[in-house]
Amino acid sequence: MDMSSKKRPLNPEAQERAEPYDVTVYEFEQHVKRSRLRRFGFDYLILGVIEEAGEVARATQNKRPSTGCSDVANEVGDVLWYATALRIELGDEPLASWPAAAEPRTEHSGTAEHAWPHPVQLLLLASELAGRAKKAIRGDKPLDTYLPEMRRYVREILECCAKVASTHKLTLQHCALMNVRKLDDRRRRGSITGDGNDR
């Protein structure tokens, strides 16, 4: 079931930050276009996905899955930004709604993989996406050859983000909203560039 059609109760910390409306995929895509400094190539955006996937893993360390927390929502929102920008750059078909929290597929599979935490699966998907980009940049085959796989991995990264969010009693809509708020505030203050979450 699409998570956008089923309201999940947010934990108190998330509820304090929630708005009375959901950020749709279309609205978030417009936010991504509005907040990027310029059009970046797919290689830069994949580096962003990998970095932020690592930040998701860090944010979920020592967090009880039942609590939910703003730092997890913040980092998942950052992955959503880079993954959405990458979807746009790769010319992927627009999504009608946010992905559901499905179990992602990876090529390192085996039944044991499904016991791994979802942030680890997110990193695996990001690494497989990077592998396709590496081969395209190296010139093994034309980029067009790798585009279908790259688009599939981006969609599965979004599905895995939904699973991470759901585990912490969050939704992708909420994570997207936190990213909209954060970047809109930084843009108003002229602090889009820089390092760290506190700028």
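The values are calculated or read from the model by the stated rules, or taken from the named source; none is laboratory data. Just so you know, these numbers come straight off a predicted model, no measurement behind them. Quick reminder, even Gly has a Cβ in these numbers, built from the backbone with ideal geometry, and neighbours come from all protein chains shown. Keep in mind that these areas ignore ligands, DNA and RNA; they rest on the heavy atoms of the full protein, side chains included. Shrake-Rupley method; radii C 1.70, N 1.55, O 1.52, S 1.80 Å.
Could you go through the stretch 159-171 and let me know if any residue there is free of Cβ contacts under 8 Å to residues at least 60 places away in the same chain, open to solvent by 60 Å² or more (accessible area, probe 1.4 Å) and part of a helix (DSSP H, G or I).
Scanning the stretch 159-171, I find no residue that is free of Cβ contacts under 8 Å to residues at least 60 places away in the same chain, open to solvent by 60 Å² or more (accessible area, probe 1.4 Å) and part of a helix (DSSP H, G or I), so the answer is no.
Note down all Cβ pairs under 7 Å where the first residue falls in the stretch 143-158 and is among the charged types (D, E, K, R), the second is open to solvent by less than 70 Å² (accessible area, probe 1.4 Å) and part of a helix (DSSP H, G or I), and they're at least six residues apart or on different chains.
Note: pairs meeting the criteria are E149/R132; E156/L125.
Quick one: how many residues across the stretch 114-144 are at pLDDT 95 or above and more than 28 Å from K163 (Cβ to Cβ)?
0
Would you be able to tell me the number of residues in the stretch 114-142 that are open to solvent by 40 Å² or more (accessible area, probe 1.4 Å) and either under 14 Å from A83 (Cβ atoms) or in contact with a strand residue (DSSP E or B) (Cβ under 6 Å, 6 or more places away or on another chain) (or both)?
Within the stretch 114-142, residues that are open to solvent by 40 Å² or more (accessible area, probe 1.4 Å) and either under 14 Å from A83 (Cβ atoms) or in contact with a strand residue (DSSP E or B) (Cβ under 6 Å, 6 or more places away or on another chain) (or both) number 1.
Where in the stretch 1-113 are there helices (runs of 4 or more DSSP H), lying fully within it, with 1 or more residues that are modelled with pLDDT of 85 or more and surrounded by fewer than 21 Cβ atoms within 10 Å (Cβ to Cβ)?
Result: 25-35, 42-60, 70-89.
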